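Remarks on the structure that follows.
The values are calculated or read from the model by the stated rules, or taken from the named source; none is laboratory data. The structure displayed is predicted, hence computed values, not measured ones. Only protein heavy atoms, including side chains, enter the accessible area calculation; ligands, DNA and RNA are left aside. Shrake-Rupley method; radii C 1.70, N 1.55, O 1.52, S 1.80 Å.
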Amino acid sequence: MTAPRPPRRTRCLTIGSSDSSGGAGIQGDLKAFASVGAYGATVLVGVTAQSPAGVIASAPVDLDLVAAQLDTVLADIGADGVKVGTTWSAALMHLVADRLAGMSAPLVVDPVLVTAAGSGLSGGNDAVDALCERLLPMAAVTTPNFAEARRLTGLTDETDPAVLAGALVRRGARAVVITDVPGGGDWLFDGRRHRAVPGPRHATGCEHGAGCAHSALLTAFLARGVPLPRAAELAHRAVAAGVANGAVDIGRDRHPVDLLAATGATETATATESATATETDTGAAVAVGAAVVGGDRGRPA
């Protein structure tokens with residue numbers, strides 16, 4: 001008798017850049033996917049020399065090699081959810097948009113323009129324009145931080161996240177989650193309704209990679225079919241737990257978020273508690289997310 005095939009795990013693809021310190025970028029995305037039981041594949045579009053303190057040097061990957069990576073991964077592995085990160089050039093944005101056109105899996109665009117340490121990573125105004133014109137209309141949601149939302153909209157003095165989110169939708173985004181808004185939490189606008197995504201903020205100094213982790217988690221939750229408002233809430237709580245349980249022993253002044261440590265802490269803490277009780281805890285979204293994403297029924301690409 002043939003043994004039943006094991007359930008297929010959710011497949012998530014991240015298209016982004018390497019972080020030599022391991023806390024953000026491609027490396028951070030893979031850890032975020034793993035923290036909720038999703039399988040992560042990568043398309044490398046750039047390489048950086050960086051630490052939690054900032055980016056020292058960077059270089060893009062040849063576009064032909066980017067295209068080869070995308071074609072190979074999608075043809076063999078496929079993807080139930082895709083995240084796009086750093087915007088190196090307009091040519092890269094057009095290539096990615098062309099390759100992903102017609103894809104049924106949800107796309108999350110995280111326009112990485114400014115790191116947590118304040119380092120700029122954008123390929124310039126042409127790259128930002130191509131991002132807005134080609135990728136934002138394709139994406140299920142875009143996830144700029146507050147500073148990036150100001151830059152994308154040109155509203156550099158605006159303090160109201162609702163105004164920024166509305167401007168991004170007018171620029172082509174279907175839905176927006178602005179992270180790290182003043183006062184804490186995130187801000188969600190789905191094109192119809194504005195809502196705050198409240199949550200804790202922890203002053204541990206472990207914010208490196210938090211934005212990358214958020215968008216990667218959001219990708220995994222959407223890939224599993226979680227509605228956007230709930231996915232945004234789960235992602236925010238999980239990242240907050242990762243900051244609270246951050247790698248304070250890694251880096252001198254700034255430190256990376258640690259979702260895997262948060263997962264372990266949550267699993268231990270919730271072993272004897274009910275799911276209802278633990279869901280209200282700061283780190284409970286990690287355990288809830290693992291249960292949601294770790295099952296088998298991801299959608300085909």
Original post:
Can you list residues whose amide H is under 5 Å from VAL197's amide H, if they're 5+ apart or on another chain and H is modeled 1.01 Å from N?
Top reply: ASP186, TRP187, LEU188
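How large a share of the accessible area of region 1-70, in percent, is made up of carbon and sulfur atoms when the probe is 1.4 Å and the other protein chains stay in place? Can you show the working numbers first?
Numbers: 2030 of 3300 Å².
Carbon-and-sulfur percentage of accessible area, whole number: 61.
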Subject >> Solvent-accessible surface (1.4 angstrom probe) belonging to TRP88, in square angstrom, nearest 10 >> reply: 40
**OP:** Specify the inter-centroid distance of region 132-206 and region 29-66, based on alpha-carbon positions, in whole Å.
**Re:** 22
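From the C-alpha gyration tensor of region 104-212, pull out the three semi-axes of the equivalent ellipsoid (sqrt of 5λ each), sorted largest to smallest, in whole Å. Mind dumping the intermediate values first?
Values: eigenvalues 82, 57, 37 Å².
For region 104-212, the ellipsoid semi-axes come out as 20, 17, 14 Å.
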Subject >> Rounded to the nearest 10 Å², the accessible area of GLU158 at probe 1.4 Å >> reply: 50
**OP:** For VAL55, enumerate residues with amide H under 5 Å from its amide H, sequence gap 5+ or separate chain, H modeled in the peptide plane.
**Re:** SER119
Subject >> Relative contact order of region 26-126, pairs being alpha-carbon contacts under 8 Å that are 6 or more residues apart, as % >> reply: 24
Original post:
Which ³J(HN,Hα) values, rounded to whole Hz and listed in residue order, are derived for region 93-100 from phi using the Karplus coefficients 6.51, -1.76 and 1.60 in 6.51 cos²θ - 1.76 cosθ + 1.60 with θ = phi - 60°, glycine and proline given as x?
Top reply: 4, 5, 4, 4, 4, 5, 5, 8
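Quick check for you: with a 1.4 Å probe and neighbouring chains kept, what is the accessible area per residue of region 106-214, in Å²? Provide the component values of the computation, followed by the final result.
Numbers: 4380 Å² over 109 residues.
Solvent-accessible surface per residue comes out at 40 Å².
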